[in-house]
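Please read the structure below before turning to the comments.
The values are calculated or read from the model by the stated rules, or taken from the named source; none is laboratory data. The shown structure was predicted, so the numbers you read here are calculated from the model rather than taken from an experiment. Every residue, glycine among them, receives a Cβ derived from its backbone with ideal geometry; neighbour counts consider all protein chains shown. Ligands, DNA and RNA are excluded from the accessible area calculation, which covers all protein heavy atoms including side chains. Shrake-Rupley method; radii C 1.70, N 1.55, O 1.52, S 1.80 Å.
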Amino acid sequence: MSIIEISRDEFDDLGIERMGFFPERGWFKSTELDLAGTVIRDPFDKDWSYVLVAKDEDEVYRYLEGEVSLPTQHDAESKLYASALRIEIAGVFQEKFYTEPDSEDEGSYALIVTSIDEEVKKYLKKHPQKLYELSPRKFEELVASILQDLGFEVELTQATRDGGRDIIAHVRNAVSSYLTYIECKRYAADNKVGVGIVREIIGVHHIRKPTKSIIVTTSFFSKDAIKEAEKMESQLDLKDFTDIKVWLQRY
């Protein structure tokens, strides 16, 4: 086991953003992989959480996995060690995206996707159900890539932050600038986006005042969510699995 406990200063030297507002009580890193973690105590509920982060291809540490509402620090650290050990045994922490079957030995080759390119989008056009095998971050990257192909200037926000704008997109010309916030929800097909998410995005929209906000999901929207979005008229769009399939048809 190569997960070792380190000091707060050593953790900060890795360039990892703070995990949140609650106090971190222990810091850890792998001596084998670009993998680190921390345990956190909620001062209000008095419970514990752990977070594991891994260095992505752009050299930024991003959220990998974690768990909340654990009863003790020991439980949080044990969970962190177990998760890190599982990842170390696997030897990699890149997400498995899909398996391209071979004619002789179906499922024998695993394709690891580290970036969203033209071939990935062509594959998803033919196999849209594979959208559900993307990690949430890769789904955000896919949506950003599609928007860029449609003429937007796009910026992916940091993976560890949320707040109603996973993607910030602009259309600029000599006359005006059109700002759009996009929130991405990589949900299972049967897990509809509810009215609470829509209200959250509406709140962010009113505070930050982009030209338009869009919620994009691999799932669908509940009736209440659709009804709530209609109050925003042309300022909020809801895009679901069907819309993503239409977007992919251009590849």
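Can you tell me which residue is nearest to LYS212 (Cα to Cα) among those in the stretch 236-248 that are of a type outside the set (Lys, Arg) and either modelled with pLDDT under 95 or in a strand (DSSP E or B) (or both)?
So, considering only residues that are of a type outside the set (Lys, Arg) and either modelled with pLDDT under 95 or in a strand (DSSP E or B) (or both), the one nearest to LYS212 (Cα to Cα) is LEU236.
Is one or more of the residues making up the stretch 172-185 within 17 Å of the chain's Cα centre (by Cα) and open to solvent by 20 Å² or more (accessible area, probe 1.4 Å)?
Yes: the stretch 172-185 contains one or more residues that are within 17 Å of the chain's Cα centre (by Cα) and open to solvent by 20 Å² or more (accessible area, probe 1.4 Å).
Being in a strand (DSSP E or B) and within 20 Å of VAL171 (Cβ to Cβ) is the filter here; which residues of the stretch 203-223 pass it?
Correct list: LYS212, SER213, ILE214, ILE215, VAL216.
Let me spell it out: the conditions are (1) in contact with a strand residue (DSSP E or B) (Cβ under 8 Å, 6 or more places away or on another chain); (2) surrounded by fewer than 19 Cβ atoms within 10 Å (Cβ to Cβ); (3) modelled with pLDDT of 90 or more; (4) farther than 26 Å from ASP190 by Cα, and SER78 meets all of them except one. Which number is the exception?
(1)
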